[in-house]
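S.K.: Please read through the structure below; I'll follow up with questions.
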Number of protein chains: 2
Amino acid sequence: MKESESKLENRNIKPTAMRELVLSVLSEQTAAISLADLEQTFEKADKVTLYRTLKTFEENKLIHSIDDGTGSVKYALCKETCQCHPEDLHVHFLCTKCKKTYCLNDIPVPSVNLPTRFTLENINMVIKGICSNFHR
Amino acid sequence: MKESESKLENRNIKPTAMRELVLSVLSEQTAAISLADLEQTFEKADKVTLYRTLKTFEENKLIHSIDDGTGSVKYALCKETCQCHPEDLHVHFLCTKCKKTYCLNDIPVPSVNLPTRFTLENINMVIKGICSNFHR
DNA sequence: GTTAACTTTGCAACTTGGTTGCATCAATTT
DNA sequence: AAATTGATGCAACCAAGTTGCAAAGTTAAC
Ligand SMILES: [Mn+2]
Ligand SMILES: [Mn+2]
Ligand SMILES: [Zn+2]
Ligand SMILES: [Zn+2]
């Protein structure tokens with residue numbers, strides 16, 4: 001059985017050809033990608049199918065989505081063990097020059113002391129700034 | 001001179017009737033509001049005018065915007081002294097039951113130790129969960 | 001093996017929130 | 001008063017995401 005196949009099955013996702021392709025594209029990325037980005041990596045693919053593929057992946061915690069405030073949601077692979085609980089979360093970085101969004105997997109979202117009238121379910125922390133890639 | 005008038009002029013915003021009205025609506029809120037919310041508080045008002053009013057307010061740091069991931073940006077008044085620099089920022093809370101977004105003005109965004117290849121400009125931290133308001 | 005049931009895919013069409021162009025109106029300056 | 005500048009209102013547009021539905025593909029039952 002292929003690597004990608006078992007990765008899908010581990011998350012209870014039926015491994016179709018399309019899904020294996022999408023997973024392999026996601027695996028190649030160094031930054032999170034949007035639905036539109038994903039669409040462009042394929043010669044000919046339906047946006048809706050890709051959309052639903054990403055949704056399935058996210059529902060099964062194979063990937064997580066990042067709302068970086070740019071207006072298009074980005075997606076990146078989860079770690080093997082990730083359950084997308086607050087303690088699994090990490091910080092994201094959006095470079096305002098190259099517009100890329102990176103998972104800072106090594107930087108956990110810092111815990112905050114919420115007033116007792118609030119109970120926590122999830123945290124989204126996006127840092128904007130400039131990365132040291134070449135910016136033309 | 002009216003309170004609202006001087007608040008506008010303090011931020012170098014020409015105080016028109018429309019702008020004073022919008023500012024007063026913003027002042028009444030206990031939670032951040034969206035453009036659509038704002039539109040509904042007026043009997044008859046043009047969405048575009050309100051949109052541009054909010055934009056002007058934000059550009060002049062009278063208000064700040066919050067992207068809470070719901071798909072509609074929320075707005076809330078800044079503190080008098082706010083310059084919207086990283087050290088001025090606070091955490092926001094989105095209740096998944098009542099869908100309201102609150103400024104946690106007392107909770108500054110925790111600082112994170114970024115790898116040196118990243119320089120920080122801004123941080124958006126939104127906590128999702130449940131607030132203790134009555135939820136029907 | 002054929003049929004039935006269920007799932008995935010592809011196309012078209014729609015929704016929503018946000019945005020732009022441009023003409024009109026109001027305020028300010030000369 | 002005429003000219004300039006800025007604010008407002010209407011219509012039209014745009015991008016991202018989403019839904020409905022039929023066709024194609026898979027799996028399970030007979
Ligand atoms: Mn990530
Ligand atoms: Mn706030
Ligand atoms: Zn960069
Ligand atoms: Zn609530």
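S.K.: Pick from segment B:85-103 the residues that are more than 15 Å from A:Val126 (Cβ to Cβ) and outside any strand (DSSP E or B): which of them is nearest to the other protein chains (Cβ to nearest Cβ)?
M.R.: It comes out as B:Thr96.
S.K.: For segment A:108-136, which positions are in a strand (DSSP E or B) and either closer than 20 Å to B:Ile107 by Cα or touching a helix residue (DSSP H, G or I) at 6+ places or on another chain (Cβ under 7 Å) (or both)?
M.R.: Across segment A:108-136, the qualifying residues are A:Pro108, A:Phe118, A:Thr119, A:Leu120, A:Glu121, A:Asn122, A:Ile123, A:Asn124, A:Met125, A:Val126, A:Ile127, A:Lys128.
S.K.: Being touching a Cys at 6+ places or on another chain (Cβ under 7 Å) and more than 11 Å from DNA strand D (Cβ to nearest atom) is the requirement here; does A:Leu77 meet it?
M.R.: Spelling it out, it is not the case that A:Leu77 is touching a Cys at 6+ places or on another chain (Cβ under 7 Å) and more than 11 Å from DNA strand D (Cβ to nearest atom).
S.K.: In segment B:108-136, which residue that is more than 7 Å from every other protein chain (Cβ to nearest Cβ) and among the polar types (S, T, N, Q) is surrounded by the most Cβ atoms within 10 Å (Cβ to Cβ)?
M.R.: Per the stated criteria, the residue is B:Asn133.
S.K.: Looking at B:Glu58, B:Glu5, B:Glu39, B:Glu20, which is the one that is within 14 Å of chain A (Cβ to nearest Cβ) and in a helix (DSSP H, G or I)? Can you show your working first?
M.R.: Details: B:Glu5 fails: within 14 Å of chain A (Cβ to nearest Cβ); B:Glu39 fails: within 14 Å of chain A (Cβ to nearest Cβ); B:Glu20 fails: within 14 Å of chain A (Cβ to nearest Cβ).
Going through B:Glu58, B:Glu5, B:Glu39, B:Glu20 in turn, the sole match is B:Glu58.
S.K.: Can you name the number of the only condition in (1) within 27 Å of B:Pro110 (Cβ to Cβ); (2) surrounded by 15 or more Cβ atoms within 10 Å (Cβ to Cβ) that B:Glu87 fails?
M.R.: Looking at each condition in turn, B:Glu87 falls short on (2).
S.K.: Checking the condition more than 11 Å from DNA strand D (Cβ to nearest atom), more than 30 Å from B:Phe134 (Cβ to Cβ) and either among the hydroxyl-bearing types (Ser, Thr, Tyr) or in contact with a Gly (Cβ under 7 Å, 6 or more places away or on another chain) (or both), which residue from A:Thr49, A:Thr70, A:Thr56 passes?
M.R.: A:Thr56
S.K.: Return yes when A:His85 is closer than 22 Å to B:Thr70 by Cβ and modelled with pLDDT under 95 and no when it is not.
M.R.: Taking the combined requirement at face value, the residue satisfies it.
S.K.: Residue under question is A:Phe118, and the condition is that it be at pLDDT 95 or above and within 16 Å of ligand 4 (Cβ to nearest atom); does it hold?
M.R.: Yes; evaluated as a whole, the condition is true for this residue.
The values are calculated or read from the model by the stated rules, or taken from the named source; none is laboratory data. Not measured: the values here are computed from a predicted model. Neighbour counts are summed over all protein chains in view; Cβ atoms, including those assigned to glycine, are modelled from backbone coordinates with ideal geometry.
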